[in-house]
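Below is one structure, written out as structure tokens, with a few remarks after it.
A short reminder: the numbers here are calculations on the coordinates, not readings from a lab. Being a predicted model, the structure only gives us computed values, none of them experimental. Cβ coordinates were reconstructed from backbone atoms using ideal geometry, including for glycine residues, and neighbour counts include every protein chain displayed.
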Amino acid sequence: MNVIDKPSEPVGRTRNRPRRTPKGRQVDPKALDEVQALLTDRSRRRDLLIEHLHLIQDKYGHISSAHLAALAAEMKLAQTEVYEVASFYAHFDVVKEDQTPPPPVTVRVCDSLSCAMAGAEHLLEELPKTLGANVRVVRAPCMGACDRAPVCAVGHVQVFKADKAKMAKAAAAPEHAHAWKHHVDFEHYLAAGGYRVLGEALSGKRTRDELIKIVSDAGLRGLGGAGFPTGRKWTFVRAEKGPRLMAVNGDEGEPGTFKDRFYLEKDPHRFLEGMLIAAWVVEATETYIYLRDEYPEIRLMLEQELAKLERAGLAKHTKLHLRRGAGAYICGEESAMIESIEGKRGLPRHRPPFVAQVGLFGRPTLEQNVETLYWVRDIVEKGPEWVTSQGRRERKGFRSFSVSGRVKKPGVVVAPAGVTVRELIDEYCGGMTDGEIFKGYLPGGASGGILPASMADEPLDFGTLEKYGCFVGSHAVVILSEKDDMKAVALNLLRFFEDESCGQCTPCRVGTEKAAAMMEQGPWDPALLTELSTLMRDASICGLGQAAPNPLLCVLKYFPDELAKPMGRW
């Protein structure tokens with residue numbers, strides 16, 4: 001009988017016997033011990049995946065393949081599922097087995113428009129030489145401090161009005177984030193009459209219908225950008241079958257926007273009381289606050305203040321959760337934010353169904369912006385007339401504008417609805433910076449378009465600029481001067497959208513990349529760029545791809561004389 005050589009068997013198994021270990025990357029015992037030490041007794045629920053990834057990133061400065069495998073095993077998830085989430089977010093440094101971990105210190109330089117105008121590009125060129133090989137210098141999108149540009153972050157601690165000297169000092173002795181101290185804390189807020197309106201609601205002195213009518217009569221709208229009437233949203237959510245949930249959008253990532261940060265740093269409990277009132281109105285059993293990772297001091301402060309609220313018994317009607325973003329502008333879109341709260345990639349959902357019907361964990365969800373909730377207490381206390389008595393040019397109410405760029409006094413400005421950009425500059429911002437000549441402005445951040453100085457007398461409010469291809473959105477106003485090349489401005493904004501596209505749909509993923517490449521290479525082809533923009537507007541899934549062409553189209557329409565010139569730089 002002939003003996004036939006048998007083929008070699010894979011390591012770890014013999015013919016017709018099961019393999020000793022499962023397929024795929026094996027869990028390293030040391031990495032598993034390290035992950036378990038970080039998680040301690042924390043829940044291993046699927047929706048906490050991003051929170052647990054933050055623990056690893058914060059501890060080791062990166063996330064290794066071994067830690068990903070260990071975390072997947074600990075949470076009973078597929079390794080591919082953990083990897084795709086970790087690699088989606090900019091603040092997680094995923095290091096594969098054949099890669100070198102990043103240096104111990106990472107410096108992020110904001111390259112969004114206001115910081116670029118203030119010298120960020122020069123910092124990006126000089127800091128690698130100044131800080132040395134043990135410091136990694138990378139580009140980063142808007143950090144929500146446009147009034148203090150240029151802004152850098154060492155780790156997560158921000159340095160305002162940064163220069164080489166400040167950054168050398170900060171990188172040599174990196175600091176950890178500490179809770180924001182200069183705010184009205186729980187005790188002072190309560191002593192000044194805070195939580196009285198909430199108490200009246202909880203005790204039955206005010207009804208849910210009464211509160212909905214008050215905010216509706218005041219004309220309160222969603223102030224994160226969409227401008228949807230708040231009272232109507234509360235009514236829609238209440239009409240859905242419970243249990244109902246609430247999600248608070250604190251992920252303001254629109255370049256030029258920093259008003260939510262301003263209000264959270266100044267008076268967080270005014271926002272928290274509005275949040276608890278809204279949760280009571282819609283009978284939300286649980287409330288999730290989603291805060292962008294660029295605000296670590298605010299997150300630490302909110303942890304302390306939320307604990308005080310719960311100890312005082314003011315949040316018995318809704319369970320509070322504070323969730324941490326991880327560096328993704330797309331999570332400012334309400335359904336992408338909800339996906340992120342659930343521990344997933346921040347991919348916008350197709351609609352319908354809408355979030356008010358099928359939102360967080362499949363339940364009807366009230367989604368609100370930080371600033372919208374901030375004004376609820378004042379509106380209820382002072383009455384709708386306090387709001388409607390303000391305004392200019394037949395517009396009613398007031399608006400918070402984040403103003404940055406070429407003005408003497410950038411910052412958050414509370415002005416009447418219908419104010420013009422010329423009035424913002426002259427009455428609220430001290431005029432243009434010395435030596436600067438007003439040339440144009442962004443009325444609504446990166447996605448709101450660009451208008452010339454000749455249109456500086458148009459009222460700024462919801463619905464007033466759409467006929468010009470622009471909108472106020474989150475009311476982020478960036479002032480431009482003759483020093484600024486409009487083609488360079490539009491390219492900066494298109495690059496932002498290219499970097500921040502979630503990649504889910506081809507029109508946005510490929511369209512932003514192609515548009516930015518065509519604009520940078522030049523000469524600009526207006527017909528081809530317009531055709532590409534139309535495709536992105538018509539076919540993109542969400543507002544990112546639909547609004548991304550706005551700056552480009554506005555330059556083509558309002559600044560045609562600049563198209564033939566070589567592109568400038570800051």
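Quick notes
- Quotient of C-alpha Rg and 2.2 N^0.38 Å, computed over the chain: 1.03
- At q = 0.11, 0.13 Å⁻¹, base-10 log of I(q)/I(0) for the range 480-570 (Debye sum, equal scatterers on each alpha carbon): -0.27, -0.38
- Virtual spin-label span in nm between residue 300 and residue 528, 7 Å along Cα→Cβ: 5.1
- Computed E for residue 196/residue 169 - FRET, C-beta separation, R0 45 angstrom, nearest 0.05: 0.45
- Most positive-pole-ward Cα, 75, 239, 118, against dipole of the chain from beta carbon charges: 75
- The chain, relative contact order in percent, only Cα pairs under 8 angstrom and at least six apart counted: 12
- Relative frequency of Cα-Cα separations exceeding 24 Å in the range 220-358, percent: 28
- Among 62, 329, 49 - extreme Cα towards positive end, dipole of the chain, charges at beta-carbon: 49
- Cysteines in the chain lacking any other cysteine Cβ under 4.7 Å from their own Cβ: 142, 146, 152, 331, 429, 470, 502, 505, 508, 542, 554.
- Over the range 33-134, the hull volume per residue, using the convex hull of the C-alpha atoms, is 124 Å³.
- Distance between the range 535-552 and the range 215-290 - C-alpha centres, whole angstrom: 26
- Evaluated with a Cβ-only charge set (Lys, Arg +1; Asp, Glu -1), the chain carries a dipole of roughly 1460 debye about its Cα centre, given to the nearest 20.
- Overall form of the range 71-131 per C-alpha gyration tensor (a/c, 1.5; a/b vs b/c): prolate
- At most 10 other Cβ within 10 Å, DSSP loop - trypsin sites (Lys or Arg not before Pro), the range 19-69: 20, 23
- For the range 439-468, the residues whose backbone nitrogen is under 17 Å from a point 7 Å from the Cα of residue 561, taken along Cα to Cβ, are 439-441, 451-456.
- Inverse mean reciprocal Cα-Cα distance (Kirkwood Rh) of the range 107-260, Å: 19.3
- Spatial extent of the range 314-472: Rg and Dmax, with the Cα atoms as the point set, Å: 19.0, 56
- Counting Lys and Arg as +1 and Asp and Glu as -1 over every other residue whose Cβ lies under 13 Å from the Cβ of residue 519, the net charge comes to -3.
- Net charge, residue 404 excluded, C-beta distance under 14 Å - Lys, Arg +1, Asp, Glu -1: +2
- Largest-first ellipsoid semi-axes for the range 312-368, taking √(5λ) over the Cα gyration tensor eigenvalues, angstrom: 22, 16, 8
- Electrostatic bookkeeping for residue 478 treats Lys and Arg as +1 and Asp and Glu as -1; over the other residues with beta carbon under 10 Å from its beta carbon, the sum is 0.
- Based on the convex hull around the alpha carbon atoms, the range 214-276 presents an average projected area of 5.2 nm².
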